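Report on the following structure.
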Amino acid sequence: MTAPAHSQARDLRRVIGFAGGTALVVGITIGGGIFRKPPTIAGLVPNPLVILGLWTAFGLISICGALAVAELSSVLPRAGGVYVFLREAYGDAAAFVFGWLYVFVTTPTAVAALSVVFAEFLLNMLGMSADAATVQMIAISAVVILTFANVLGARVGAAVSEVTTLVKVTGLAAIILGAFLLGHGSLSHITEGGVVQRGGLARAVASVIWTYDGWVAVSMIAGEVVAPERLMKRIIITGMLVIVTLYIGANLAYLYIMPVGVMAQQKEAIARTVMTAIAGPAGGAVIMLAIITSVFGALNGNLLAKPRVAYAMARDGLTFSFLGKTHQRWSTPWAALLIQGAVAIIMVLVLKDFDTLTTYFVVVEWAALIFAVGAVFVLRRKMAEAPRSFRTPAYPLVPLLFVFGTVVGVSAIIWGEIQVGNFSPIYGLAIALAGFPAHHLWKRLKRIP
């Protein structure tokens, strides 16, 4: 078995409870996707029943993955989450490659995309022109503010997530209940639809998976959760049930209010259109504020949780040691936070197309999750005697369903994007593979006196 990680060191304070952890799961996952992606999906898949099938299928797949991660988190409740699971199951090289991706691909691009969406929605609410320079200025300001908020302590970051998560859950609940209780829609919208093309279906999978992306990040702050052996499973499972319920409910509400063809035309802020139809312009403005808060909360959650991977890598000697330093006063991985914030700002400055960017990193991250969830099989054998306060139900069926469903989904995304000449998923996977020679080089450099 791999030697115990230095990331077990008690430099990080255990200050996050059940409410804060659940808020992080929901807050990281529910960002701008449920408010921005449904029109994109409707344009690619003009059939409401197929759309709802996609949301339900990948919701169930995500829950299967979350159940496996809950077991892994109960066995290895350390800062770094998936990175720790991969290191224990497969060794340093696999863990290094995952950390490589999180530092250079997935975290910066996720933070950059969320900050740009935040800026676009804010300008939309204010009725201002969303020119590139203004969007970048607001996006960078949001990254800077939240980076320093999380340097001040995990408790501060978790508190921000609790508030923003409450707002976004309330907003989505208002859309769902308002649509069916006060809206003048029709159930016939849900059963009417056109022919679905295979290419469009494959590309739509990328949007659905991206919207579900983020739930695993809560495992990365396990080192700061109070009594993680007891709470992590409750946090992950409760959070995922809330997310899937809200996602399916929101899509039902959108489709009830408008036909799928009209939905495809609502390129930005579909929730505002729906709420305006229900409660007038004031209702639309309120829900837009909730959307902005939702994106801000997801941005905060990503900045809080994901730098813990770079921190854990540094503690294990797999990257520069300064990334493993904690602040003397606030006990936070300040160096990792600042570096991730800086790289995200660079990504904001070079960000071109939102949908292409999300496709770019979602394929890489979910490909890594296949191996992360697969670690439950490996560690059942390697750490058979380790105490498990939670065991994946219906094992091995549940993790196998996640692995099979994700392989199908990722393969569909790659095929669909190649059909339209978008090779960004291939580029992302190439960067992933480049992590293996980078790990070899790192080991050689470490041996040089």
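The values are calculated or read from the model by the stated rules, or taken from the named source; none is laboratory data. The structure presented is a predicted model; accordingly, all values stated were derived computationally and were not measured. Neighbour counts run over all protein chains shown; Cβ positions are idealised from the backbone, glycine included. The protein model used for the area step is the full one, side chains on, heavy atoms only, and it has no ligands, DNA or RNA in it. Shrake-Rupley method; radii C 1.70, N 1.55, O 1.52, S 1.80 Å.
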*Name every residue in segment 231-250 that is surrounded by fewer than 24 Cβ atoms within 10 Å (Cβ to Cβ) and over 19 Å from Cys64 (Cα atoms), in order of residue number.*
Gly249
*How about segment 330-384: which of its residues are at pLDDT 85 or above, charged (D, E, K, R) and open to solvent by 60 Å² or more (accessible area, probe 1.4 Å)?*
Arg381, Lys382
*Given the structure, is Thr106 of a type in the set (S, T, N, Q) and touching a residue at least 40 places away in the same chain (Cβ under 8 Å)?*
yes
_If I filter segment 35-49 down to residues being modelled with pLDDT of 85 or more and under 19 Å from the mean Cα position of the chain (by Cα), which single residue comes out as farthest from Leu114 (Cα to Cα)?_
Ile41
*Got at least one residue in segment 133-156 being in a helix (DSSP H, G or I), charged (D, E, K, R) and farther than 27 Å from Gly284 by Cα?*
yes
_Out of everything in segment 389-417 that is of a type outside the set (Val, Ile, Thr) and touching a Ser or Thr at 6+ places or on another chain (Cβ under 7 Å), what residue ends up being farthest from Pro77 (Cα to Cα)?_
Glu417
*Answer with yes or no whether Ile190 is open to solvent by less than 10 Å² (accessible area, probe 1.4 Å) and modelled with pLDDT of 80 or more.*
no
*asked:* Just to verify a result, which residue in segment 385-423, among those that are free of Cβ contacts under 8 Å to residues at least 12 places away in the same chain and of a type in the set (Gly, Ala, Ser), is surrounded by the fewest Cβ atoms within 10 Å (Cβ to Cβ)?
replied: Gly421
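For (1) part of a helix (DSSP H, G or I); (2) surrounded by 24 or more Cβ atoms within 10 Å (Cβ to Cβ); (3) hydrophobic (A, V, I, L, M, F, W, C); (4) modelled with pLDDT of 85 or more, each residue gets a yes or a no:
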{"site": "Val169", "(1), (2), (3), (4)": "yes, no, yes, yes"}
{"site": "Leu172", "(1), (2), (3), (4)": "yes, yes, yes, yes"}
{"site": "Gly178", "(1), (2), (3), (4)": "yes, no, no, yes"}
{"site": "Gly183", "(1), (2), (3), (4)": "no, no, no, no"}
{"site": "Val195", "(1), (2), (3), (4)": "no, no, yes, no"}
{"site": "Ala206", "(1), (2), (3), (4)": "yes, yes, yes, no"}
{"site": "Trp210", "(1), (2), (3), (4)": "yes, yes, yes, no"}
